[in-house]
Amino acid sequence: MTSFVLVHGAWNGAHGFTKVRRLLNAAGHEVFTPSLTGLGERSHLSGPQVNLTTHCLLYTSPSPRDRTRS
């Protein structure tokens, strides 16, 4: 089994990986598709305080509630 972290681009969200996430899971892989703070499903959290550090902390956070895991 391989683990994948799929990171979306600007103005998008984790929802863009629905099909590929399903295919990778079906092949037995573990897939993480977090939405960046202030974008996609987390757009309501946008503001001047959101920056690259915010996004990096999302990926390095040990808290599972900060990530979408399949």
Give the residues of segment 1-26 that are surrounded by fewer than 14 Cβ atoms within 10 Å (Cβ to Cβ), over 13 Å from the mean Cα position of the chain (by Cα) and not in a loop (DSSP other than H, G, I, E, B), sorted by residue number.
3, 19, 20, 22, 23, 25, 26
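In segment 23-42, which residues are closer than 16 Å to residue 9 by Cβ and either touching a residue at least 24 places away in the same chain (Cβ under 8 Å) or touching a His at 6+ places or on another chain (Cβ under 8 Å) (or both)?
Of everything in segment 23-42, those that are closer than 16 Å to residue 9 by Cβ and either touching a residue at least 24 places away in the same chain (Cβ under 8 Å) or touching a His at 6+ places or on another chain (Cβ under 8 Å) (or both) turn out to be 33, 34, 35, 36, 37, 39, 40, 41, 42.
Considering only residues of segment 52-70 that are polar (S, T, N, Q) and in contact with a Phe, Trp or Tyr (Cβ under 8 Å, 6 or more places away or on another chain), which is modelled with the highest pLDDT? Lay out the reasoning, then the answer.
First pass over segment 52-70, keeping only residues polar (S, T, N, Q): 53-54, 60-61, 63, 68, 70.
Next, from what is left, pick out any that are in contact with a Phe, Trp or Tyr (Cβ under 8 Å, 6 or more places away or on another chain): 68, 70.
Values: 68: 49, 70: 44.
Here the answer is 68.
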Within segment 27-51, take every residue that is of a type in the set (S, T, N, Q), modelled with pLDDT under 85 and buried (at least 17 other Cβ atoms within 10 Å of the Cβ) and give me the one that is farthest from residue 16 (Cα to Cα).
37
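The values are calculated or read from the model by the stated rules, or taken from the named source; none is laboratory data. Since the structure is predicted, the reported quantities are computational estimates derived from the model, not experimental observations. Positions of Cβ are generated from backbone atoms using ideal geometry, with glycine treated the same way; all protein chains shown enter the neighbour counts.
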